[in-house]
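Reading through the structure tokens given below for one structure.
The values are calculated or read from the model by the stated rules, or taken from the named source; none is laboratory data. Here the structure is a predicted model, which means the values were calculated and not measured. Heads up, the Cβs are rebuilt from the backbone with ideal geometry, glycines too, and the neighbour counts pull from every protein chain shown.
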């Protein structure tokens, strides 16, 4: 603790400080790729490799450790002075407090440009949505026919066929041969996928497609990073399993496929079900069904016994039914009497309401009748004639409403309030202005 008023200074233990530094470096520099020349490479009896990476100009060095599993995936023999790119995580070797790179991938430095190209293409295709998880198709659990896209001479094909024969010998395999390495490989892989889809449309039902080849350097696997191949795999309407390379190898085809397998053998295992396991599962289901069936039969047998016991004493059953019928009849009679009583109680009120309604309706009807009679009386033509008007018509009984509608010498009948006049038109006088 500080005695001069300043904040207390933390005192680190050596191990704690070294561990804290190591943790910070591991987080800050996770997945780093370091380019340099190999110096002092040694392989321990455990299979682990140790070496130093030196700057190409000799200005700096970095100790490296590569464990046996990662070292076994390297497809070349690391040697003194070899220019490489090491991928791994920075750490601190606590026993000596030394900085070291724990390498999990090693390749010749010439592949660096390819890796940058790989990352650029991956970012572009990923932005287009080619690798979206929602677009992935489900792999069928029990396929009947599988297509394999690979080279006929590839060890990967032998591994796939051997695995399928061992696990699911009933599965039929359709081969779509193509090159899997070299400049002509991408076009052939795309054509092989097209051939598989054509066969499927023509009636050769295919449940899934395996695209595979063995491991190799990035240059060897580059055909499976070709944009044409990646797009063809993503657009394939059949489920595609990618089994390209070894576990540490990654291609863009892996991202585009519906399922990525670490090896060709694993691809065959993922798309097939082990026959022995399936048979054992079916046997277990059979035993379960038999057990449930016996339980059901036992339950039905008990119900049958109970029914037989009831039939053996019909008088008792009839007595119970007779008692129930009597109870229902009593309840029905009581309910009917209650309903009639309630109806009688409400009958005077209903009669009074009906009488009032009939009286109101009669009064309203009389008022409406008087109103109609008044309107008819007002519209009576006889009243109009009584006020001095005359209705004129020609010899055919057609009304004459205009002076110019009559001709000189024409016979006209005039209807007045107290009789009719027959007249002849002498002349048409001047009209009344409208």
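Observations on the structure shown:
- Tallying residues that are surrounded by 13 or more Cβ atoms within 10 Å (Cβ to Cβ) and assigned to a strand (DSSP E or B) within the stretch 36-62 yields 14.
Quick grid of which residues meet (1) part of a strand (DSSP E or B); (2) without any contact (Cβ under 8 Å) to a residue 24 or more places away in the chain; (3) within 21 Å of residue 250 (Cβ to Cβ):
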site: 102; (1), (2), (3): yes, no, yes
site: 106; (1), (2), (3): yes, no, yes
site: 115; (1), (2), (3): no, no, yes
site: 165; (1), (2), (3): no, yes, no
site: 180; (1), (2), (3): no, no, yes
site: 188; (1), (2), (3): no, yes, no
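- No other residue among 156, 187, 147 is surrounded by 13 or more Cβ atoms within 10 Å (Cβ to Cβ), farther than 18 Å from residue 226 by Cα and modelled with pLDDT of 95 or more apart from 147.
- Any hit, the stretch 122-134, residues being more than 21 Å from the chain's Cα centre (by Cα), part of a helix (DSSP H, G or I), outside the structural domain of residue 266 (by TED's automatic domain parsing) and closer than 30 Å to residue 77 by Cβ: yes
- Residue 349 fulfils the conditions (1) surrounded by 10 or more Cβ atoms within 10 Å (Cβ to Cβ); (2) assigned to a helix (DSSP H, G or I) except for a single criterion, (1).
- Residue pairs meeting the criteria (Cβ under 6 Å; at least 6 apart or on separate chains; first assigned by TED's automatic domain parsing to the domain that holds residue 46 and in a helix (DSSP H, G or I), in the stretch 68-91; second at pLDDT 90 or above and surrounded by fewer than 18 Cβ atoms within 10 Å (Cβ to Cβ)): 68/47; 68/48; 70/104
- Residues that are touching a helix residue (DSSP H, G or I) at 6+ places or on another chain (Cβ under 8 Å) and closer than 17 Å to residue 108 by Cα within the stretch 34-54 comprise 35, 49, listed in sequence order.
- Checked against (1) more than 27 Å from residue 20 (Cα to Cα); (2) not assigned by TED's automatic domain parsing to the domain that holds residue 220, residue 98 passes all but condition (1).
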